[in-house]
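Notes to accompany the following structure.
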C-alpha cells in the first residue's frame, strides 16, 4: 500500500481552493488581474511538486521544490494584497494565508533537509 505524500496532497488541495477563490473573485468581485496572478502562482506550487516527484534525480526534485517555494511566496503576496485592498474579507483571507504559510513551512523544511542530504551550500530562501 502506497503511503500518502503529505506535501503532494496539501498542494493539490491548496490549488483547488485557489481555483475556487479565483472563480469567486472574478465572478462576484469582478477582480481579474490580482486573482489571475494568484491563480497562476497558487496552482503552480503543486504542479512543481508533481514535476519534482517525477524527476530523474534528487537534484531535479530539489530544483522543483525551490520553484514551488518561490511560487508559494508569491501566492502569499497576492493573498495579502487581495486582503489589504478589500477584495477578500479578513477572515477568509486569513484562512488562505494560513494554508500558504503551512505550505511554506513544509516545503522550506524539505528544502533544508535536502540541502544537508545533497551537500548543497545555498543561502536560505
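Within the range 1-18, the residues that satisfy the criterion of being surrounded by 14 or more Cβ atoms within 10 Å (Cβ to Cβ) and under 19 Å from residue 97 (Cβ atoms) are 7, 10, 11, 12, 14, 15, 17, 18. Among the residues of the range 76-105, those identified as under 17 Å from residue 8 (Cα atoms) and in contact (Cβ under 8 Å) with a residue 12 or more places away in the chain are 99, 100, 101, 102, 103, 104.
If the condition is being part of a helix (DSSP H, G or I), more than 14 Å from the chain's Cα centre (by Cα) and surrounded by fewer than 18 Cβ atoms within 10 Å (Cβ to Cβ), then the range 57-79 contributes 58, 59, 60, 63. Residue count for the range 25-56, restricted to those that are modelled with pLDDT of 95 or more and assigned to a loop (DSSP other than H, G, I, E, B): 5.
Quick one: is residue 22 out of contact with any strand residue (DSSP E or B) (no Cβ under 6 Å at 6 or more places or on another chain), crowded, with 19+ Cβ neighbours inside 10 Å, in a helix (DSSP H, G or I) and in contact (Cβ under 8 Å) with a residue 24 or more places away in the chain? It is false that residue 22 is out of contact with any strand residue (DSSP E or B) (no Cβ under 6 Å at 6 or more places or on another chain), crowded, with 19+ Cβ neighbours inside 10 Å, in a helix (DSSP H, G or I) and in contact (Cβ under 8 Å) with a residue 24 or more places away in the chain. Of all the criteria given as (1) surrounded by fewer than 15 Cβ atoms within 10 Å (Cβ to Cβ); (2) within 25 Å of residue 115 (Cα to Cα); (3) touching a residue at least 12 places away in the same chain (Cβ under 8 Å), the one not satisfied by residue 54 is (3).
Conditions (1) loosely packed, with under 14 Cβ neighbours inside 10 Å; (2) touching a strand residue (DSSP E or B) at 6+ places or on another chain (Cβ under 7 Å); (3) in a helix (DSSP H, G or I); (4) at pLDDT below 95, marked per residue:
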position	(1), (2), (3), (4)
88	no, no, no, no
93	no, no, yes, no
99	no, no, yes, no
108	no, no, yes, no
120	yes, no, no, yes
124	yes, no, no, yes
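The values are calculated or read from the model by the stated rules, or taken from the named source; none is laboratory data. What you see is a predicted model; the values in this text were computed from it and never measured. Ideal geometry is used to build each Cβ from the backbone, glycine not excepted, and the neighbour counts take in all protein chains shown.
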